[in-house]
Number of protein chains: 2
Amino acid sequence: MFKNALISCSDKKGLAEFLKKFPNLRIVSTGGTAAYLRKNHIPVVEVSEQTGFPEVMDGRVRTLHPNIHMALLAREENSHDMEVLKKHDLEKFDLVIGNLYPFEEQSKSKMSDRELSEFIDIGGVALLRAAAKNYQQITVICDSDDYDWVGDEAEVSLEKRKYLAGKVFAHISSYDSLIAKKLLGFPLQQKEISFGAKLVQPLRYGENPHQDANWLKLVGEEFGIHNAKVLSGKPLSYNNILDIDAAAILGKEFTEAVCVAVKHNNPCGVGADQDAKIAVKKCLEADPISVFGGIVVCNRPIDMGEADLLCPIFLECIVAPEFSPKAFQKLSQKKNLRLLEWNTFEKEHLYEIRSISGGILMQTCDKADREWGPTWICHGTAPDAEKKQELLFAWKVCTALKSNSIALTSERQTVGLGMGQVNRVDAVDHAIGRWKKNHPDKNDVVMASDAFFPFADSVAAAAKAGIRWIIQPGGSIKDEEVLMAAHHHGVNMILTHKRHFRH
Amino acid sequence: MFKNALISCSDKKGLAEFLKKFPNLRIVSTGGTAAYLRKNHIPVVEVSEQTGFPEVMDGRVRTLHPNIHMALLAREENSHDMEVLKKHDLEKFDLVIGNLYPFEEQSKSKMSDRELSEFIDIGGVALLRAAAKNYQQITVICDSDDYDWVGDEAEVSLEKRKYLAGKVFAHISSYDSLIAKKLLGFPLQQKEISFGAKLVQPLRYGENPHQDANWLKLVGEEFGIHNAKVLSGKPLSYNNILDIDAAAILGKEFTEAVCVAVKHNNPCGVGADQDAKIAVKKCLEADPISVFGGIVVCNRPIDMGEADLLCPIFLECIVAPEFSPKAFQKLSQKKNLRLLEWNTFEKEHLYEIRSISGGILMQTCDKADREWGPTWICHGTAPDAEKKQELLFAWKVCTALKSNSIALTSERQTVGLGMGQVNRVDAVDHAIGRWKKNHPDKNDVVMASDAFFPFADSVAAAAKAGIRWIIQPGGSIKDEEVLMAAHHHGVNMILTHKRHFRH
């Protein structure tokens, strides 16, 4: 069905097989592609033959010629366009196949700006875009996955040509978004921006079964959950991925062994220790009811000790940098349990985006404070080294909970968490309620609050429950009243001057 | 400092003023731009003079010529490239100014696919991309906002040329993302996708003061919070926007008057009524503590009746389709209160995106059920019309809360909400606790749960508190046990078969 094709491909996979379906096709092609086709016994007209102009500047300029672009852009229904073609002895193209230098692959290797620029495709992009603009009469293929079905069509319908043209613009847009990212670096200052993304996998459904969903990786991001290796169990669900992300946000803040359990995007149990097994035990026992059906992320390899603790509990997912063969053997027998190898430490992420009605919000990522801050002020008794470690642990956990949030911890284990609340005193009440229910024996409990206390009521409630240490940002107009209440109740209060809302 | 410029601009704002700073510049330009420059007494060389080729096909092919692209792509340090230029009697360009047809503006008007295609710029994109690739020696401007500072530089540094080149790729990427969207329609099926976005405004900070943030509108989205008119008060904050979005998600589900208060991305009070004033009153009284410092969205104009209710309460934002002059007069006296005119009904959004580590999740938006579902099954007494309306109200509210969520309502007012919980029975306890605290006098209260009850404990707790009606999706393996418990406690239970998680 096709008569006149223009072909310029960096990736030649499947190209010859596809073209052999069209033995009478006139093919115009560039250097590497032409050589490949000839090797496959497919006759080719060199671009320079059609342009009457030699390829110059190492191929930088070859298809950027009127004799190519007139044959791409001429409108069949426009008699003047057709006359121009005739005058130049040209035939319009009806098939264009092109793909670009693998800029993303190239851009991963260390190279100078100048070298990187060499990989920015100009001519290939121009001819693909011209063909896609003229999809009313041109079938344009930029993805070798489309060869099969296009080759089987008696005639590619206008609807399908439009789809193929759309793919070209989506692909080039994504390609250019990466170039922009490489040139501009951190993109928060831009008036206009574009986020290119490639499908990791379509998801069975979204947050709920009636929602369709896709999981995509952002172009140019080497690190991320898409690097996780699913060793066992079903593919990840939308909610699994969201929960793994929530767990990783907290997990990466620790150098000691840490284990984080997440339910509904909120940590529900966190344990840290020098010994990974103890960290896992602390995590699972933190809130034994809520961990049911959750996901667990650990920053240490899972061996038999950890596996024995994890195995009896119904979990959706366990994520760790490694599973020992024995631990894998044991855990993989649970058919519905997903086991993932992924190192949550990989890399800090720089910014996050989320859509709102008609737009997106973009911000630099929040990070917990990994060390005791030099400007943190303690009102009351100064904490000793051990107490500082405990307060820092509670503080880190608190930053990862949905706001308003309160974290109660003891011996690097969460004993009561309050989160997602619309007022602070309720978060305090919930956290204390969980503590008294799950860990009534724990006495030496510290409290962290992700934002200031607007009133002194929370401090009174904490003191009444037996808390003697609170870490919080401060910054309320009622700080003085809050500090007075703390003093009155014998509570030592650390002010960090840094709020950690998370919604 | 510049010697040889290529200029092709659709938007000519500020161009002549900028160029007058460079009286000795040789300028090569296309039709419309050339005419404009001549009118401004700036000498111009026509592109056709440099190419020796006439503009053809209504300007579709004019700059797509080796004599243009060689002068754009030649590498100064490459002697061969320089020889080629010399041979063709060309000088390299060192300044390129270009901008594209306003495709987004055009694409808003109703036109055929064929007409729309006419607005896809090919030549302009190709020359901008070529110049940007060669930023080592070319200063490329695609945004007239850059004229001022570029004009003031003695010489544009490499770093700044790189920045300008990055802007070109970002702009073109965004431009192409819109074309892809127009051609492909709903983008959930794509292997590769790109989201172009334009700055609405930089935000003072993100969720927390130490986070930088931007608010962007997605290209091609006509509707959204960016259409809201800030009548009074400070600019919106990151958290304001997030909260307005959360409120709008719920508000758009109602045809009767509804008022939604949001704190920390969770509705904290919702009231609906035929009378807007009563809806506002119900909303504000739903949880009088939590509404403090919240945002309120109403789907009816705010007149004095509503303003009198709203005025005494400390709120961050009031959003409504309209404020009467008197209501505005009254409310705008509160200096820190933002008043926004926006119709939350505008349009349904089709999909949402959010970033995770290294990637994004994309899904179709969840929508509440606006009407009583034909497949909803009632176990127990069939609800009458009034009860159905109440259950539907509770159900809608519940879908807008963060999971796990429980909504208790009475007479179209939320009386107790439980949300953001890591187990269901806690959400039930929290909701009941709030009800008994804030509305102990309300007896006829119904309960909605966003997902099934994994155990019968929540039903027992609800019954004990006095609830006789529960609406929930069902689908637990323990449904039978849950329904038995409901029957046992005299609770009527409606199963909707549709879960509404929201995280």
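The values are calculated or read from the model by the stated rules, or taken from the named source; none is laboratory data. Every value quoted in this text rests on a predicted model; they were computed, and no experiment measured them. Note that each Cβ is placed from the backbone with ideal geometry, even for glycine, and that neighbours are counted across all protein chains shown.
A few remarks follow.
- Of all residues in the stretch B:398-426, those that are within 14 Å of another protein chain (Cβ to nearest Cβ) and acidic (Asp, Glu) total 1.
- Test: residue in the stretch A:286-308 that is among the acidic types (Asp, Glu), modelled with pLDDT of 95 or more, touching a helix residue (DSSP H, G or I) at 6+ places or on another chain (Cβ under 7 Å) and within 27 Å of residue A:369 (Cα to Cα): yes
- Tally, over the stretch B:33-55, of residues that are part of a loop (DSSP other than H, G, I, E, B) and β-branched (Val, Ile, Thr): 2
- Listed by position, the strands (runs of 3 or more DSSP E) enclosed by the stretch B:266-353 that each have at least 2 residues that are more than 14 Å from every other protein chain (Cβ to nearest Cβ) and in contact (Cβ under 8 Å) with a residue 60 or more places away in the chain are B:266-273, B:338-341.
- Only residues that are surrounded by 14 or more Cβ atoms within 10 Å (Cβ to Cβ), out of contact with any helix residue (DSSP H, G or I) (no Cβ under 8 Å at 6 or more places or on another chain) and modelled with pLDDT of 95 or more were counted in the stretch A:35-55, giving 1.
- Evaluation of residue A:368 against (1) more than 30 Å from residue B:343 (Cα to Cα); (2) crowded, with 23+ Cβ neighbours inside 10 Å (one fails), failing number: (2)
- Checked against (1) part of a loop (DSSP other than H, G, I, E, B); (2) surrounded by fewer than 18 Cβ atoms within 10 Å (Cβ to Cβ); (3) touching a His at 6+ places or on another chain (Cβ under 8 Å), residue B:444 meets all criteria but (3).
- Test for residue B:236: is it among the aliphatic types (A, V, I, L, M) and assigned to a helix (DSSP H, G or I): no
- If only residues of the stretch B:354-380 that are over 29 Å from residue A:366 (Cα atoms) and part of a strand (DSSP E or B) are counted, the one that is nearest to the other protein chains (Cβ to nearest Cβ) is B:377.
- Qualifying residue in the stretch A:105-117 (condition: crowded, with 17+ Cβ neighbours inside 10 Å, within 29 Å of the chain's Cα centre (by Cα), at pLDDT 95 or above and closer than 24 Å to residue B:78 by Cα): no
- Every residue from the stretch B:167-181 that is more than 7 Å from chain A (Cβ to nearest Cβ) and in contact (Cβ under 8 Å) with a residue 40 or more places away in the chain: B:168, B:175, B:178
Listed here are the residues, each with its yes/no results for (1) basic (Lys, Arg); (2) surrounded by fewer than 24 Cβ atoms within 10 Å (Cβ to Cβ); (3) part of a loop (DSSP other than H, G, I, E, B); (4) within 14 Å of chain B (Cβ to nearest Cβ).
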| position | (1), (2), (3), (4) |
| --- | --- |
| A:396 | yes, yes, no, no |
| A:428 | no, no, no, yes |
| A:436 | yes, yes, no, yes |
| A:455 | no, yes, yes, yes |
| A:471 | no, no, no, no |
| A:474 | no, yes, yes, yes |
| A:481 | no, yes, no, no |
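- All of B:448, B:460 fail the test of being among the hydrophobic types (A, V, I, L, M, F, W, C), away from chain A (no Cβ under 11 Å), touching a residue at least 12 places away in the same chain (Cβ under 8 Å) and under 30 Å from residue A:503 (Cα atoms), apart from B:448.
- Options B:348, B:390: the member that is modelled with pLDDT under 95 and not assigned by TED's automatic domain parsing to the domain that holds residue B:233: B:348
- The single condition among (1) surrounded by fewer than 22 Cβ atoms within 10 Å (Cβ to Cβ); (2) closer than 25 Å to residue A:214 by Cβ; (3) more than 7 Å from chain A (Cβ to nearest Cβ) that residue B:184 does not satisfy is (3).
- Check on residue B:407, assigned to a helix (DSSP H, G or I) and not assigned by TED's automatic domain parsing to the domain that holds residue B:284: no
- Tally, over the stretch A:184-229, of residues that are aliphatic (A, V, I, L, M), touching a residue at least 12 places away in the same chain (Cβ under 8 Å) and over 19 Å from residue B:191 (Cβ atoms): 3
- For residue B:145, the criteria (1) assigned to a loop (DSSP other than H, G, I, E, B); (2) surrounded by fewer than 20 Cβ atoms within 10 Å (Cβ to Cβ) hold in every case but one, which is (1).
- Taken together, the criteria place residue B:343 among residues that are surrounded by 15 or more Cβ atoms within 10 Å (Cβ to Cβ) and in contact with a Pro (Cβ under 6 Å, 6 or more places away or on another chain).
- All told, residue A:157 falls short of being touching an Asp or Glu at 6+ places or on another chain (Cβ under 6 Å), at pLDDT 95 or above and either in the same structural domain as residue A:135 (by TED's automatic domain parsing) or among the hydrophobic types (A, V, I, L, M, F, W, C) (or both).
- Here residue B:91 meets the list (1) assigned to a loop (DSSP other than H, G, I, E, B); (2) within 11 Å of chain A (Cβ to nearest Cβ) almost entirely, failing just condition (2).
- For the stretch B:410-426, a residue qualifies if it is in a loop (DSSP other than H, G, I, E, B), under 19 Å from residue A:429 (Cβ atoms) and either basic (Lys, Arg) or touching a helix residue (DSSP H, G or I) at 6+ places or on another chain (Cβ under 9 Å) (or both), and the qualifying residues are B:419, B:420, B:421.
- Test for residue A:206: is it outside any helix (DSSP H, G or I), at pLDDT 95 or above and at the interface with chain B (Cβ under 8 Å from one of its Cβ atoms): yes
- The set of residues in the stretch A:67-77 being within 7 Å of chain B (Cβ to nearest Cβ) and out of contact with any helix residue (DSSP H, G or I) (no Cβ under 8 Å at 6 or more places or on another chain) is empty.
- Residues (surrounded by fewer than 17 Cβ atoms within 10 Å (Cβ to Cβ) and polar (S, T, N, Q)) located in the stretch A:9-29: A:10, A:24
- Where a residue in the stretch A:140-157 is more than 13 Å from chain B (Cβ to nearest Cβ) and its partner, wherever it lies, is hydroxyl-bearing (Ser, Thr, Tyr), with Cβ under 8 Å and at least six apart: A:141/A:147; A:150/A:139; A:156/A:139
- Meets criteria (surrounded by fewer than 20 Cβ atoms within 10 Å (Cβ to Cβ), assigned to a loop (DSSP other than H, G, I, E, B) and under 43 Å from the mean Cα position of the chain (by Cα)) for residue A:58: yes
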